[in-house]
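Please treat every number below as a calculation from the coordinates, not as lab data. Remember, predicted model here, so these are calculated numbers, not experimental data. Reconstructed Cβ throughout: ideal geometry from the backbone, glycine too, with neighbour counts over all protein chains shown.
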Amino acid sequence: MASTDIVVRFAGEAGDGIMTLGDMFVKACVRMGMSAFTFRSYPTEVRGGSVMYQARVTSGPAMSQGDRPDILAAFNKKEMSAHLPDLTPGGSIFIDAQVAPPAMGGKAMSIPLVELSSHFGDDRKNMVMLGVVARYLEANEAIVRNLLQERYGKRDEALRLNVGAFESGWKHCAEMGWRYGQRLSLDASAPPRLLLSGNEAIALGAIAAGCKFFAGYPITPASEILEYLSETLPRFGGKVLQVEDEMAALAAVIGASFTGAKAMTATSGPGFSLMGELIGYASMVEVPCVIVDSQRVGPSTGIPTATEQSDLLLSVYASHGESPRIVLAPSTVEDCFYMTIEAFNLAEEYQMPVILLSDLALSHRMEAVPTIEMGRVPVRNRLIPDETALGEYRRVKVTDTGVSPMAVPGQNGMYAAMGIEHDERGFPSYTPETRLKMTEKRFRKLAYVEADKFVRTFGDPDSPTGIIGWGSTEGAIMEAVDRLSKEGLPVHGMQLKMLWPLPVNPLMKFLEWKKNVFVAELNRAGQCARLLRSELGVSTKAIDKFVGLPFTTGEIVEHLRGVTRDG
Amino acid sequence: MAEGGYRSELKPVWCEGCGNYAALDALAKALETTKPRPQDVVLVAGIGCGSRLPGYLKAFRLHTVHGRALPAAMGAKVANPALTVIAVGGDGDGLAIGGNHFLHTLKRNPHILYLMTDNGVYGMTRGQASPTAGPGLTTKSTPYGSIETPVDPAALAITVGATFVARGFSGNPRQLRQIVLNALLHKGSSFVQVLSPCITFHNTYPELKQNTKEVPAEHDKKDKLAALKLAWSEIPYTGVLLDIEAPTLHELLDSVAAKATKAGPNTIEGLLQEFV
């Protein structure tokens, strides 16, 4: 059977129900056994402004949002004009019948959205469009109907109206005899998969890790973590507080962790900037904590609803002075789940802040994830002292690994967690000897972090051309490497999942005799490239993008193609 | 009860005659009376002269960064409600850099005690004007006199929702001990403003000794408006101004947990199933 790979883009105004439409369409495809990868863009304002939902659905793995939409479903003239240039040549356009269809650029089909939806209350044009597109791609009707039943079944009237609108679109498409040709594939034998966003996966990972305290302040694009945990964490004996600002959030997390609870906060750049001083404090007093930074375009307010990977250097260095911390960067929605458990494990084991770097594209991306294996990343806990053998307890005793057992309030082993430089017992001490000894003790822990296992390599290891990426860009890079290999242009790829400490050994091996190494990242400064230069002394070539959008596979292919040919 | 009381072996770094000594004494005495196990006590502070206080008591101690004692204390209490959690600090720590947390922590009514030693200046940085500095106060940072309206910590605490608000004076240690004891026994957020002169940079002992008056015996501590009137009076009244009952943050979170448990699955597998 030929493989299916279809990119659908829905475009309209805020208030048109584009998100619901996109989510329903994708869910139907995943229920049919397909893979999915989504990308959304939306205005910062709640009403008005453009909303775009791009869904790529494939019979094999879906690793990027797709370079161009094959099908554009536009709700008004402005959106049609804006997105038409992106359309795959010969692609299909669905447009509201009130708008004159475009003269060229693809196969245009007019839908009387207003007329068809008028029988089903207000604002159900999105369900009409769902019916049209689902029929056009020959979706399994029963699966879509089941979804409508699940979503609206609790309210008879809502169910009747939404199903009615859906049916009218489906029927219209059938009557017109429209058919895309390539159809959605139905694999009834495929094991059921989860359709999750990055933020949902992070929140679920936190619960699985045993998180018992979360504090946060609303911010795009991290709010869904606060919202989902507010709804669910209390069922697991956890506490969630929405606090007054991000400093309160991290301070509360540190307070909770001090008492022994696994604790996390989640924010984006503006909030993360505010946390700097407390990150240094947590590192200084060796209190475990997990901080999610879902990056967006900065600085300042930047573009709150657009993506960027520009907080990397801030994550590595945030806070005055010098303080150890661990920085992780998941690449996929599945990573978001397992690596959040890793983040807790590392925070607890090494008693320091762990920063999990997501970004808007990953946090809001929906992917079909195979069933979660609960034991894949076993949960690990912090080292606590043996109460019976406390003796003269030294909270931050200098050890070979730098890790010292951490007493819990309510048990013996009282101590002070002081941001002031302190001796092994935690008492203030400013002598050069103490300063040296304790600073080295805190930093020594980093040497024991198994950074080397946090990489993923792909492509041709014998190629003189390499590409390095980190975070949300993995899928587009892997697809680009795959596409070039099919053109006879081999490239070797490496995705870094831990950025601090760096996975030095695999990196050095990867870089060893490469002629050209590119670092692809969504920022202007080439932050990861700078880190590689400062830590490993290697020079790389930049593939940078900082316009608020993720890479497309095609962009990376274009960058690499010339070099691999010459190389 | 701790052997040899709740005082630690550390000797305070405060100047001789500092108002903080009386606050430390009152807190130590309150602990001796209520007798929690020292390892069940968490003392939380930010930065400043007053924030040094936890070091002089036996307990688990969290010395956070400037201004963040209250959210850290709240986090500790919420995570483990069995602990006795006490936050201490000065008026600069609590009302300037930490002012936002003053409002939001007290309004949530966590069961913690917050002891603020108030001297109108930043003693640790050598005497600049602080949020409670009176108009016209001349300090190194206000060489021509303060041009700001001072904050009244007790009045503020009453309006933002603390359920126990009192004002004490280091020059009246007997009353201060009683106040701090009552504050520690209160269920919910208790706030104690201690008029605690900085002997070195802003010695207000003489005027406070003359001006302070104890809260009249007939004052109704359940009456918020009456409490506010006393707090805002020209006369610096000392004593318990407000003492009311309200559900604590922890109790409220428990009711949230009960609702959440009814609303959906309480296993990871169950949650994941909702995404199929």
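In terms of its alpha-carbon gyration tensor, chain B comes out prolate; a/c meets the 1.5 threshold, and the first ratio a/b outweighs b/c. Given R0 = 45 Å, the distance between the Cβ atoms of B:K209 and A:R155 translates into a calculated FRET efficiency of 0.05. Below 8 Å between Cα atoms, with a sequence gap of 6+, how large is the relative contact order for region B:12-161 in percent? Relative CO of region B:12-161 lands at 18 percent.
Can you tell me, using C-alpha contacts under 8 Å and at least 6 residues apart, the relative contact order of chain A as a whole percent? Relative contact order here is 12 percent. Relative to the longest principal axis of the Cα atoms of chain A, helix A:553-566 runs at roughly 70 degrees. Against chain A, whose longest principal axis comes from its Cα atoms, helix A:141-152 is set at around 60 degrees.
If you count, for each residue, the other Cβ atoms within 10 Å and average over each peptide, how do A:299-307, B:252-260, B:238-246, A:474-482 line up from highest to lowest? It would help to have the intermediate numbers written out before the result.
On the way: A:299-307: 16.4, B:252-260: 14.7, B:238-246: 20.3, A:474-482: 24.7.
Highest to lowest by the protection proxy: A:474-482, B:238-246, A:299-307, B:252-260.
By the Cα gyration tensor, region A:5-176 has an equivalent ellipsoid whose semi-axes, rounded to whole angstrom, run 22, 19, 16 from largest to smallest. Against the main long axis of the alpha-carbon atoms of chain A, helix A:18-31 sits at an angle near 90°.
So which of B:K11/B:K35; A:K262/A:K441; B:K107/B:K222 end up more than 20 Å apart by C-alpha?
Beyond 20 Å: B:K11/B:K35; A:K262/A:K441.
Computed over the alpha-carbon pairs of region A:195-369, the distance histogram in 10 Å steps reads 12, 45, 37, 6, 0 percent, short to long.
For region B:144-276, take N as its residue count and report Rg(C-alpha) divided by 2.2 N^0.38 Å. The partial results should precede the final answer.
Working: Rg = 21.5 Å, N = 133, 2.2 N^0.38 = 14.1 Å.
Compared with the compact-globule rule of thumb, region B:144-276 sits at 1.52.
Near B:L113: Cβ cut-off under 12 Å, other residues only, Lys/Arg at +1 and Asp/Glu at -1. The net charge is +2. Using the empirical formula 2.2 N^0.38 Å as the baseline, the Cα radius of gyration of the protein assembly as shown reaches a ratio of 1.07.
Given an 8 Å cut-off on Cα distances and at least 6 residues of separation, report the relative contact order of region A:230-388 as a percent. Value for region A:230-388: 22 percent. The aspartates and glutamates within cross-link reach of A:K545, meaning a Cα-to-Cα straight distance under 12 Å and a gap of 8 or more places when in the same chain, are A:E308, A:E521, A:E555. Under 18 Å of direct C-alpha separation, and excluding same-chain neighbours fewer than eight residues apart, A:K514 reaches these lysines: A:K541. Which net charge results for the neighbourhood of A:L274, defined as the other residues with beta-carbon distances under 10 angstrom from its beta-carbon, given Lys and Arg at +1 and Asp and Glu at -1? Charge balance in the 10 Å sphere: -3.
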